[in-house]
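The next block holds one structure in the form of structure tokens; read it before the comments.
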Amino acid sequence: MVKCTKKQIRQLKTALRWKIPVAQRERIQMVLLRESGMTQPAIAEAMGVSLSTVNRVHMAYDGGGIKALKPKPIDWTFGSAEAARANAGRRPVSQVAVGALLYCLNKDRSMASAIALYPASFGWR
């Protein structure tokens, strides 16, 4: 990790006052904690994320500054333009369905139980 200049630290602290997404705010805090002298394992434990997440955040900041810490938009098309044309007539997967599936998988349940618990979000009533 490259050491930040005083100007960069000031910019990071100023950015925390902006109206920004929570994910970006947490990433900025990770960079500031590292600059204050905390180790990456300590930051990971304090922020409740994995060590690789902290490492990726610092590498992204080193490569692109504050703009690189922005959350990336999620592409729900699942593939290339060819795949999108092939699936043109099908119903797209909704964010609610994905959320229901992730919830059930985190609770050690199967996809079938996710569909059974939340049928409307998968398009089945």
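Just so it is clear, none of the values below were taken in a lab; they were calculated from the coordinates. Computed from a predicted model, the values in this text were never measured in an experiment. Ideal geometry is used to build each Cβ from the backbone, glycine not excepted, and the neighbour counts take in all protein chains shown.
For the range 62-68, putting each phi into the Karplus relation 6.51 cos²θ - 1.76 cosθ + 1.60 with θ = phi - 60° gives couplings of 4, x, x, x, 4, 4, 6 Hz, in residue order, rounded to whole numbers and with x for Gly and Pro. Each Lys and Arg adds +1 at its Cβ and each Asp and Glu adds -1 at its Cβ; summed about the Cα centre, the range 6-69 shows a dipole of about 420 debye. Taking every alpha-carbon pair within the range 6-69, the share separated by more than 12 Å comes to 65 percent.
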